[in-house]
Amino acid sequence: MRKIILSILIFAGISFAQSSGITTSEYLDQARDALKKAYESGAHVKAPYEYSKASAYYSIAKESASNFSLDNAVEASKKSIEWSLKAIEKTFKGVEK
Amino acid sequence: MRKLFICGCLISLSFGVSFAGNSVVVDVTELQSKLDRLSQMYGKECSPQEFAYAETYLETLKGGGKTGSKEEYIIESKLKECGPLEIGYVKTCIDSYKVTKKEEKKNIVIRENSVDTISYPVKINYYLSLVEKNIYSDKDGDGIPCYKEIEMGTNPDIADKKEEKNQFVAVGEKKEEKQPVVAETKEEDVNPLNQPVRVHFYFNRADIKKEYLPYLNVVAKFLKMHRDVKVKIVGYTDNIGPKGYNDKLAMKRALSVKKYLTKMGVEPDRVVIEGIGKDRYLVSNDNSVDRFTNRRAEFYVISIAD
């Protein structure tokens, strides 16, 4: 009986992971990578506001993930990536759009 | 076993009820107004990191735990009387169709049970206090706070030389005495009026050339910041033409500078104008370049309140 329940749970978990596509942890990884790239390009000096926005959203994403509010974590990760890109863009352009 | 199960259920139920009953209500309006106020005081420029953190947490809190902004629209449409099967229904039956953006409510109150509702306002207040501290801070140690430096158009991270008080004429001492600040200043001074402020004009014209506008903007900013300073603008001409006409032209030149400063937000009663005309030449009027140099409007500081 226990084995059956366990196998059902594992199957359900795998199918859920497959259906959702990108997982929260993957979003968080991507956000962290984008933030790292922004830092390496010097955005923390040349575009401090944009870089800090990205950093703040990444922090929120991590907090949300730790509170099991995965939707918020994904949304915040997306925002973080968006702001990291803005920071990189501003760093290389030198002016605000 | 059954007793334990029932006890567990009761405990969990009581926890749920108590937690649901004590929902936290946070009024975001105050935080938002504080952020707006700091934004107007160049908080974003003086303290970009802390400002960004405060703004992000506030955005997230306003979103009720969800990130991103939400916009609401109202659709108003009026329908005419017409048959359901009428051809061209959309064109003929819709009388008017209007989409308007819904105005935001003045008081934004958030009622949430999550921990974020409690922790975020604390974080926002913490970051806002840091922003406020940085706005009034003097990073470069020149005695001018950050927000004032940005208003003046100088770099808050590079030290500027402090203003020398004795360069101005104090009220009550020698009010009538006019000192051309131009002659006694140095290049590194922060005060734009301590720099040679001269606006030159084309022949027989009183309109300000475009290249002088940025400098006049700095002067206007300075005057807006220092409400105790009054200036006198004196217009001059070259030696060509009759005296009466040149006096009027000189007055017009001073007036056009005054008008620009007034347009930039300086109170008109703080700007006094005078037209000197064919007098007090800077250089001789031998050639066109010299005459251009003499066709000018100059600034003089006339009073500073204590």
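With the whole protein complex present, A:His44 retains an accessible surface near 60 Å², based on a 1.4 Å probe. Think of a 1.4 Å ball rolled over the protein heavy atoms: the stretch A:21-93 then has 50 Å² of accessible area per residue.
Pairs with C-alpha atoms separated by more than 27 Å, drawn from the list A:Lys93/B:Lys259; A:Lys93/B:Lys62; A:Lys46/B:Lys258; A:Lys36/B:Lys123; B:Lys133/B:Lys263, are A:Lys93/B:Lys259; A:Lys93/B:Lys62; A:Lys46/B:Lys258; B:Lys133/B:Lys263. These residues, B:Ile150, B:Ile118, B:Ile233, go from largest to smallest accessible area, 1.4 Å probe, as B:Ile118, B:Ile150, B:Ile233. Taking all Cα pairs closer than 8 Å and separated by 6 or more residues, the relative contact order of the stretch A:21-93 comes to 43 percent.
Close amide-amide hydrogen proximity is noted between B:Ile302 and B:Lys230, B:Val231, B:Lys232, each under 5 Å apart and 5 or more residues distant or on a separate chain (H modeled in the peptide plane; Pro and chain starts excluded).
Of the residues making up the stretch A:50-64, those losing 40 Å² or more of accessible area when the isolated chain is joined by the remaining protein chains, with a 1.4 Å probe, are A:Ser52, A:Lys53, A:Ala56, A:Tyr57, A:Ile60, A:Glu63.
Using a 1.4 Å probe over the heavy atoms of the protein chains, calculate the carbon and sulfur portion of the accessible area of the stretch B:250-306 as a whole percent. Whole-percent figure for carbon plus sulfur exposure: 54. Each residue was assigned an accessible area with a 1.4 Å probe, and for B:Asp138 the value is about 60 Å². Here the gap between B:Arg198 and B:Tyr126, fully extended at 0.36 nm per residue and compared with their Cα-Cα distance, gives a gain of 21.2 nm. Computed on protein heavy atoms with a 1.4 Å probe, the accessible areas place B:Thr60, A:Thr24 in the order A:Thr24, B:Thr60, largest first.
Once all protein chains are placed together, A:Ile5 keeps about 80 Å² accessible to a 1.4 angstrom probe. Tell me: how much accessible area in total is hidden between B and A, 1.4 Å probe, Å², nearest 100? Its buried surface, counting both partners, is about 1500 Å².
Annotation: amide H-H contacts under 5 Å for B:Ile273 (H modelled 1.01 Å from N, sequence separation of 5 or more, or interchain): B:Ile233. The mean number of partner chain beta-carbon atoms within 10 angstrom of a residue's beta-carbon across peptide B:46-55 is 5. Surface listing: A:Asp71, B:Asp140, B:Asp238 arranged by accessible area from highest to lowest gives A:Asp71, B:Asp140, B:Asp238, probe 1.4 Å. With the full set of protein chains in place, find how many percent of the accessible area of the stretch A:21-93 is carbon and sulfur; take the probe as 1.4 Å. Reported share for carbon and sulfur atoms: 55 percent.
The values are calculated or read from the model by the stated rules, or taken from the named source; none is laboratory data. Given the structure is predicted, the values throughout are model-derived calculations rather than measurements. Please note: Cβ atoms are built from the backbone with ideal geometry, for glycine as well, and neighbour counts cover all protein chains shown. Remember, those area values only see protein heavy atoms, side chains included, never the ligands or the DNA or RNA. Shrake-Rupley method; radii C 1.70, N 1.55, O 1.52, S 1.80 Å.
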